1. Quick check on region 44-60. Is at least one of its residues among the small types (Gly, Ala, Ser), in a helix (DSSP H, G or I), in contact with a Ser or Thr (Cβ under 7 Å, 6 or more places away or on another chain) and open to solvent by 10 Å² or more (accessible area, probe 1.4 Å)?
2. Evaluate region 177-192: report whether one residue or more is under 21 Å from residue 310 (Cβ atoms), β-branched (Val, Ile, Thr) and in a loop (DSSP other than H, G, I, E, B).
3. If you scan region 4-24, which residues turn out to be within 18 Å of residue 141 (Cα to Cα) and at pLDDT 90 or above?
4. Can you pull out the residues in region 354-389 that are at pLDDT below 95, open to solvent by less than 30 Å² (accessible area, probe 1.4 Å) and within 23 Å of residue 327 (Cβ to Cβ)?
5. Quick one: which residue in 269, 259 is open to solvent by 30 Å² or more (accessible area, probe 1.4 Å) and either part of a helix (DSSP H, G or I) or on the phi < 0 side of the Ramachandran plot (or both)?
6. Could you please find all residues in region 320-336 being surrounded by fewer than 24 Cβ atoms within 10 Å (Cβ to Cβ) and either more than 17 Å from residue 414 (Cβ to Cβ) or more than 22 Å from the chain's Cα centre (by Cα) (or both)?
7. Just a yes or no: is a residue in region 130-150 of a type in the set (D, E, K, R), within 30 Å of residue 423 (Cβ to Cβ), at pLDDT below 90 and touching a Ser or Thr at 6+ places or on another chain (Cβ under 6 Å)?
Amino acid sequence: MRFNCLQDWLHWQESLHSQEIDLGLERIQMVWQRLALGKPAPWVFTVAGTNGKGSTVALLNGILQHHGYKVGVYTSPHLRRYNERVVINQQPASDQDFCRAFTAIDQARGDIPLTYFEFGTLAALWLFAQQPLDAVVLEVGLGGRLDAVNIIDADVAIITSIGVDHEAWLGSDPEGIAAEKAGILRAEQWAVCGEVHHPQSIVAKAKDLGTHLFCREQEYGAVKQGEEWTFTGLGSTGLPVIWSSLPLPKLAMVNAVNTLQALALSPFTLEYDLLCAALKATTVAGRFQRIPWRNPQGEMIELILDVAHNPHAAENISRQLQQLPPAKMQAVLAIMMDKDSLGVVKPLAAMVDTWWISTIPGLSRAKPCSVLADEMQAHCRIEQKTTVADALMSAIETSAAGDRILVMGSFYTVAAAMDALAL
């Protein structure tokens, strides 16, 4: 074993490859073949999309777990601990688990250089292979076609949404971005597209491959009725699948709708009571996470934590906020250098009284507060602070009873806020 400590492994992986991101499947495919592990479970869900991936993965896992199925989940990035990336039957992989997996991968790779993400993806697949699982859920990290998880053939491929993000690698053309995400589709298999305006590049790819594509508001959809909703979709045999009087999920309903269509195409049998329980129970840290809090005067306020970091995600937050009772709102924002700050701010500008902006100290990718201020000051009221913790505490200190504080901009931003709040 090269290292006995997970942090030592991760630090070494960061310097093993000359590039942090090096899209392509040739290297990881060769190592995967050397490991000779085969399919990680009898059924594989692969989830791609600009936004909504984490919630969809959580809903797939939550519903299947409530029904007693054994499930492995791979997500990225993590929020606070690397171990969050691999979860088997609701339990994050241990440091020791990762060390064993990394040792096996290191021995198999020979002189093939792997990126940090490729090592993590192979570790997840190696750990899944050690368990008798019914299903695995794989979240695409970037794009789809050339993402490391795409070495595994999906039984159901889910594309949640299409928006502009990661422009340096995916470009700024929505149809081109959709084409990259369509790379997870497989011939004669199932696919679910959550975009109402179905990108033609996805439709064309499915037609070329003979993929059975199910599009939202075409083959499946939902109708909300007060505090309940009805799902209508199609099963793998083409017969209707209808779930009525479902409770509203804690996560965005569009992700629950896409999830139910994906499950309708799978061999897993669902029961109404267990499905309802899963919808009411499933949450994801940092995805419109609502937290009651007290300000220094002891008055109740609400914190909302969300990892949203692109305009499409900010628009989703805006829609979710409109469903809540009106309240005075402040926002805490720290974001990465390559992100469209104004595109993130504009959908929320009319709702936010003051933006408390900061940076992430020690993170080279973080946008400096001074740069963020230059971009924002002509468009909204801002206050600058050195750290996310300082910005959040200032927002809390200046809040009054019934106020709302939104924390957003990146996984790092939300993690820093959680640390400041000792959550």
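1. Taking region 44-60 and keeping what is among the small types (Gly, Ala, Ser), we get 48-49, 52, 54-55, 58.
Restricting the remaining residues to those that are in a helix (DSSP H, G or I) gives 54-55, 58.
Right, trim to in contact with a Ser or Thr (Cβ under 7 Å, 6 or more places away or on another chain) and you get 54, 58.
Remaining after also requiring open to solvent by 10 Å² or more (accessible area, probe 1.4 Å): 54, 58.
Yes, region 44-60 contains at least one residue that is among the small types (Gly, Ala, Ser), in a helix (DSSP H, G or I), in contact with a Ser or Thr (Cβ under 7 Å, 6 or more places away or on another chain) and open to solvent by 10 Å² or more (accessible area, probe 1.4 Å).
2. There is no residue in region 177-192 that is under 21 Å from residue 310 (Cβ atoms), β-branched (Val, Ile, Thr) and in a loop (DSSP other than H, G, I, E, B).
3. 10, 13, listed by residue number.
4. 376, 380, listed by residue number.
5. Checking each option against the conditions leaves just 269.
6. Matches in region 320-336: 322, 323, 324, 325, 326, 327, 328, 329.
7. Initial filter on region 130-150 (of a type in the set (D, E, K, R)): 134, 139, 145, 147.
Remaining after also requiring within 30 Å of residue 423 (Cβ to Cβ): 139.
Now drop any that are not at pLDDT below 90, which leaves none.
No.
Matching residues to (1) touching a residue at least 40 places away in the same chain (Cβ under 8 Å); (2) more than 23 Å from the chain's Cα centre (by Cα); (3) buried (at least 19 other Cβ atoms within 10 Å of the Cβ); (4) closer than 18 Å to residue 29 by Cβ:
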{"site": "78", "(1), (2), (3), (4)": "yes, no, no, no"}
{"site": "87", "(1), (2), (3), (4)": "no, no, yes, no"}
{"site": "90", "(1), (2), (3), (4)": "no, no, no, no"}
{"site": "94", "(1), (2), (3), (4)": "no, no, no, no"}
{"site": "98", "(1), (2), (3), (4)": "yes, no, yes, no"}
{"site": "103", "(1), (2), (3), (4)": "yes, yes, no, no"}
{"site": "111", "(1), (2), (3), (4)": "no, yes, no, yes"}
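The values are calculated or read from the model by the stated rules, or taken from the named source; none is laboratory data. Small disclaimer: the values here were computed from a predicted structure and weren't measured. Glycine gets a Cβ as well: all are built from the backbone with ideal geometry, and neighbour counts include every protein chain shown. Surface accessibility is based on the protein's heavy atoms, side chains included, excluding ligands, DNA and RNA. Shrake-Rupley method; radii C 1.70, N 1.55, O 1.52, S 1.80 Å.
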